[in-house]
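Enquirer: Below you will find the structure I want to go over with you.
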Amino acid sequence: MEKELTIQEVAQVTGLSEYTLRYYERIGLLDPVDRANSGHRRYRAADLDWLQFLVYLRAMGMSIRQMQECAELKRGGDATRRERLAFLEEHRVRVQEQMRKMVEYLAYIDKKIDHLQESLAGDDLPEPAEKPHLVNSFFS
C-alpha cells in the first residue's frame, strides 16, 4: 500500500502552509484529497507531484487564475494534451522573457556596485554614523 502523508507532513515537504494546501483544494488547484476515517486529509505521491508542479509554476510568476486553468486542462486528461503543451510553452516564453529582463536589471545593479566600489577605493574615511536620507545620494 502506498504511503500517505498528513497535511502537516505535506506542508513540511512542499514548503506550503496548511492553509495554502486547504485553499488550493478549495479553489480547485488540487483535486479533493482522500480522507482517513478520522476525516483528516491523506495525501498520496501523485498529490505531492502535482503540488510540486504548482509550487514551481507559482515561483515562476504564474497567477492563481492561470494555475486554475492549468488544473482544468489536466483534468481533461489525454484529450487536452495539445492544449496543455501550448499552455506550458506560452508560460515558458513568459518566464524566459522575465529571465532576460532580470539579467538586464542585474547588470545595471552590478554597474552601480562597481561604481560605488571604485569610489570607495583608497577611501580612509570612517563610515558615517547614519546613512544618508536622500535616495539620489545613495546612487551617486
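The values are calculated or read from the model by the stated rules, or taken from the named source; none is laboratory data. As the structure is a prediction and not an experimental result, all values here were calculated from the model. Note that each Cβ is placed from the backbone with ideal geometry, even for glycine, and that neighbours are counted across all protein chains shown.
Enquirer: Does the stretch 68-85 include one or more residues that are over 25 Å from Glu9 (Cβ atoms) and among the β-branched types (Val, Ile, Thr)?
Expert: Among the residues of the stretch 68-85, at least one is over 25 Å from Glu9 (Cβ atoms) and among the β-branched types (Val, Ile, Thr), which makes the answer yes.
Enquirer: I'd like to verify a number: residues in the stretch 78-97 that are loosely packed, with under 11 Cβ neighbours inside 10 Å and either in contact with a Leu (Cβ under 9 Å, 6 or more places away or on another chain) or modelled with pLDDT under 95 (or both), how many?
Expert: 0
Enquirer: Between a first residue in the stretch 73-100 that is without any contact (Cβ under 8 Å) to a residue 60 or more places away in the chain and over 12 Å from Gly61 (Cα atoms) and a second residue that is surrounded by fewer than 11 Cβ atoms within 10 Å (Cβ to Cβ) and of a type in the set (D, E, K, R), which pairs have beta carbons less than 7 Å apart while being 6 or more apart in sequence or on different chains?
Expert: none
Enquirer: Here is a further query. Restricting attention to the stretch 13-48, and to residues there that are of a type in the set (Ser, Thr, Tyr) and surrounded by fewer than 17 Cβ atoms within 10 Å (Cβ to Cβ), which single residue is farthest from Ala71 (Cα to Cα)?
Expert: Here the residue is Ser38.
Enquirer: Go through the stretch 51-72 and report how many residues are in contact with a helix residue (DSSP H, G or I) (Cβ under 7 Å, 6 or more places away or on another chain) and either outside any helix (DSSP H, G or I) or not assigned by TED's automatic domain parsing to the domain that holds Gly15 (or both).
Expert: Total satisfying the criteria: 3.
Enquirer: Please indicate, with yes or no, whether at least one residue in the stretch 107-129 is closer than 30 Å to Asp47 by Cβ and modelled with pLDDT of 95 or more.
Expert: Scanning the stretch 107-129, I find no residue that is closer than 30 Å to Asp47 by Cβ and modelled with pLDDT of 95 or more, so the answer is no.
Enquirer: To continue, here is another question. Anything in the stretch 1-50 that is of a type in the set (Lys, Arg) and touching a helix residue (DSSP H, G or I) at 6+ places or on another chain (Cβ under 6 Å)? List them, or say none.
Expert: Arg41
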